Amino acid sequence: MPYEPPTHTVERSLRATTGAKVIAGVDEVGRGAWAGPVTVCAAVTGLRRPPDGLTDSKLLTVRRRTELAEALRGWVTAYALGHASPEEIDDLGMTAALRLAAFRALETLPVRPDAVILDGKHDYLGTPWRVRTVIKGDRSCVAVAAASVIAKVQRDKMMAELGIDHADFGFADNAGYPSPVHKAALEERGPTPYHRLSWAYLDALPQWRHLKKVRSWAEGSVPEIEGQLGFDF
């Protein structure tokens, strides 16, 4: 299916309206998974023409995404990855875990960005970063699309490695997301050390429900439920 290639329009706007010179595109992967970390990539690209075929990682085949990630690592001005573990997701909730992973990525960049283009509707970063949110930024913004591809390929590789000792769960194919193989393994064997134990899938597994982790919310806080998909057999 044809798609419009990403552009530098948002980055140019930020440069013109804020004076920002170094702008990072930020995207995440793993938000809705049942197992594994949530991974955030921050990529600085400048205004150069990107490699052909760059777009949202979800629109690419595995082969093309892997090839493109390799090209992007050498093409971007700089990039860095940050992760939040399943334990941190359980303890903090997804929004705070995303912020932690994004901070880790941004703080690891060799140069500090003057502004950040964040994929999506909600600013989970906040101060001290100057943030511009862009819905479907991973399709429309070059830096965010680059971050999307690099993050997806890196996390998929991590999940395949984590799955070596848990072959029945199919992490190499499903990357910790729901799938028939993943669901069957959970029902039979229960969660691995890499599973998020506060997720709602455990509610449908009576024999493993005692492992569910209940977070204690601070007064005035709102429980994070986004991405906590049910276990629908």
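The values are calculated or read from the model by the stated rules, or taken from the named source; none is laboratory data. Every value quoted in this text rests on a predicted model; they were computed, and no experiment measured them. Backbone-built Cβ (ideal geometry, glycine too); neighbour counts: all protein chains shown. What goes into the accessible areas is simple: the full protein's heavy atoms, side chains included, and nothing from ligands, DNA or RNA. Shrake-Rupley method; radii C 1.70, N 1.55, O 1.52, S 1.80 Å.
Amide H contacts under 5 Å for CYS141: THR7, restricted to partners 5 or more places along the chain or on a different chain, H placed in the peptide plane at 1.01 Å from N.
List the pairs from LYS136/LYS213; LYS58/LYS183; LYS121/LYS152; LYS21/LYS121 whose alpha-carbon separation is above 26 Å, in the order I gave them. Can you show the working numbers first?
Numbers: LYS136/LYS213 32 Å; LYS58/LYS183 22 Å; LYS121/LYS152 20 Å; LYS21/LYS121 23 Å.
Listed pairs above 26 Å: LYS136/LYS213.
Accessible area per residue for the stretch 86-213 in Å², computed with a 1.4 Å probe and the full protein assembly in place, what is it?
Details: 5850 Å² over 128 residues.
Accessible area per residue: 46 Å².
Extension gain for ARG112-THR95 works out to 3.9 nm (0.36 nm per residue, less the C-alpha to C-alpha distance).
Report D for the stretch 74-195 in µm² per second (integer): Stokes-Einstein, Kirkwood Rh on Cα pairs, 4 °C, 1.567 mPa s. Walk me through the numbers on the way to the answer.
On the way: Rh = 16.1 Å.
Estimated diffusion coefficient is 81 µm²/s.
Gaussian network model of the chain, Cα springs within a sub-10 Å range: biggest mean-square fluctuation belongs to which of GLU188, GLU11, GLU28? Maximum among the listed residues: GLU188. Once the Cβ-Cβ distance of ALA200 and ALA160 is raised to the sixth power relative to R0 = 25 Å, the FRET efficiency obtained is 0.50. Scanning the chain for DSSP H helices at least 18 Å long along the axis (C-alpha atoms) with a Kyte-Doolittle mean no lower than -1.0 picks out 62-75, 94-108, 142-162. Ordering 19-25, 206-212, 133-139 by mean Cβ neighbour count within 10 Å, with the highest value first, yields 19-25, 133-139, 206-212. Once both labels are positioned 7 Å from their Cα atoms along Cα-to-Cβ, the gap between ARG31 and ASP52 label points is 3.2 nm. Overall, the accessible surface of the chain at a probe of 1.4 angstrom is composed of carbon and sulfur to the extent of 55 percent. Per-residue surface analysis assigns ASP168 an accessible area of about 80 Å², computed on protein heavy atoms at 1.4 Å probe radius. Computed over protein heavy atoms with a 1.4 angstrom probe, the accessible surface ordering of LYS183, LYS58, LYS213, largest first, is LYS58, LYS213, LYS183.
Positive end of the dipole of the chain (Cβ unit charges, origin at the Cα centre): among HIS210, ILE89, GLY46, the Cα lying farthest that way belongs to GLY46.
The Kirkwood hydrodynamic radius of the chain, based on inverse pair distances between different Cα atoms, is 18.3 Å.
In Å, what Kirkwood hydrodynamic radius results for the stretch 115-184 from the alpha-carbon pair distances?
Details: mean 1/r = 0.0716 Å⁻¹.
Result for the stretch 115-184 stands at 14.0 Å.
Relative to the current alpha-carbon distance between ALA184 and HIS210, full extension at 0.36 nm per residue lengthens the span by 7.5 nm. Under 14 Å from a label point set 7 Å out along the Cα-to-Cβ vector of ALA78, the amide N atoms of the stretch 19-39 belong to 21-25. Computed from the alpha carbon positions, the gyration tensor of the stretch 13-113 leads to an equivalent ellipsoid with semi-axes of 24, 19, 11 Å, biggest first.
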